[in-house]
Amino acid sequence: MLLSGKRALITGSTSGIGLAIARAMYAEGAEVILNGFGNADEIAALQEELGGAAHFGTDLTDVAAVEAMMAEVGPIDILVNNAGMQHVSPVEDFPVDKWNLIIALNLSAAFHTTRLAAPGMKEKGWGRIINTASAHSKVASPFKSAYNASKHGIAGFTKTIALELAEFGITANCISPGYVWTPLVENQIPDTMKARDMTRDEVINDVLLVKQATKKFVQPAEIGALAVFLCRDEAQNVNGANWSIDGGWTAE
Ligand code: NAD
């Protein structure tokens, strides 16, 4: 199988996109290491489904906890920085603690895992770093100031490490989905209704899907398949890319 013998740490993999990436990598023979929050029984079931995968409930906004997790995980071949959160609010009302949390999780956590995983990958002479960015790493939408800033930031961070690590057989790329129906999207609907004075259906059709030319939500499994492709040896020259999977949103 394509990823036999590879160890993959996928952050935010107890739900949504991260879980789909973990499933896709496990199906290709990788040893997957899970991270994220959730119900203990549901996580235990996921661990079993994924071949007895290790799980770290580490809060990635806590730098010391990330350092402890990375030390316990040890050397990895594949790092997927995927954990992320959203908050929707006009900038003048944007809660400062939410701003700090979103930057810490969506951007700084990827810096910390990367700086700690890079030496092991360099030693192996092979590595894949995949960062789940967003269409919001390329374009903005109103009322998402922290999220858009964090996602534009991770796109720049990814390009930088792509250049730094390329000669060691390591690639770094972003995957940038449009809207994917996950708890992250579902949970932002009430605040978006408030910020834009819209009904739930108006938010879905006139905000979420309006720019996706396909008029369809992206499926988590499609992102899993793309992440697996980026791990192939044939993708060794795909480096520093920011790969859209957004139904055409950012083509406009
Ligand atoms: P989700 O809410 O389904 O999953 C988020 C995951 O992150 C969960 O496993 C959660 O437990 C974990 N997490 C949250 N806070 C954490 C913390 N402090 N420490 C560790 N883990 C934490 O969301 P999703 O939609 O699957 O989003 C995954 C990534 O995809 C995010 O980076 C998000 O910005 C990005 N993304 C999502 C969409 C979308 O439409 N859903 C679109 C573009 C990009």
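Throughout, read-outs are computed from the coordinates displayed, never taken from laboratory work. Keep in mind it's a predicted model, so treat the numbers as computed, not measured. So basically every Cβ, Gly included, is an ideal-geometry build from the backbone, and we count neighbours across all protein chains shown.
Data table
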{"quantity": "Ranked list, fewest to most other Cβ atoms within 10 Å of each Cβ, for Asp191, Asp206, Asp77", "calculated": "Asp206, Asp191, Asp77"}
{"quantity": "Antiparallel %, DSSP beta bridges [both residues in the chain], to 5", "calculated": "0 percent"}
{"quantity": "Centroid-to-centroid separation of the range 7-51 and the range 230-252 [C-alpha atoms, Å]", "calculated": "22 Å"}
{"quantity": "For the chain, radius of gyration divided by Kirkwood radius, i.e. Rg to Rh on alpha-carbons", "calculated": "0.96"}
{"quantity": "Sorted by Cβ density within 10 Å, fewest first, the residues Arg128, Arg23", "calculated": "Arg23, Arg128"}
{"quantity": "Cβ-based exposure ranking for Leu101, Leu107, Leu163, in which fewest neighbours within 10 Å come first", "calculated": "Leu163, Leu101, Leu107"}
{"quantity": "Long-range HN-HN contacts of Ala54 with modeled amide H, under 5 Å", "calculated": "Leu34"}
{"quantity": "Total charge dipole magnitude, the range 87-147, about the Cα centre, Cβ charges on Lys, Arg, Asp, Glu only, Debye to nearest 20", "calculated": "400 debye"}
{"quantity": "Mean separation of Cα contacts under 8 Å, 6 or more apart, over the residue count of the chain: relative contact order %", "calculated": "21 percent"}
{"quantity": "Per-residue [θ]222 nm for the chain (sum of -39500 (n - 2.57) over DSSP H runs n ≥ 4, rounded to 500)", "calculated": "-12500 deg cm²/dmol"}
{"quantity": "Net charge dipole size for the range 132-251 [Lys, Arg +1 and Asp, Glu -1 on Cβ; Debye, nearest 20]", "calculated": "260 debye"}
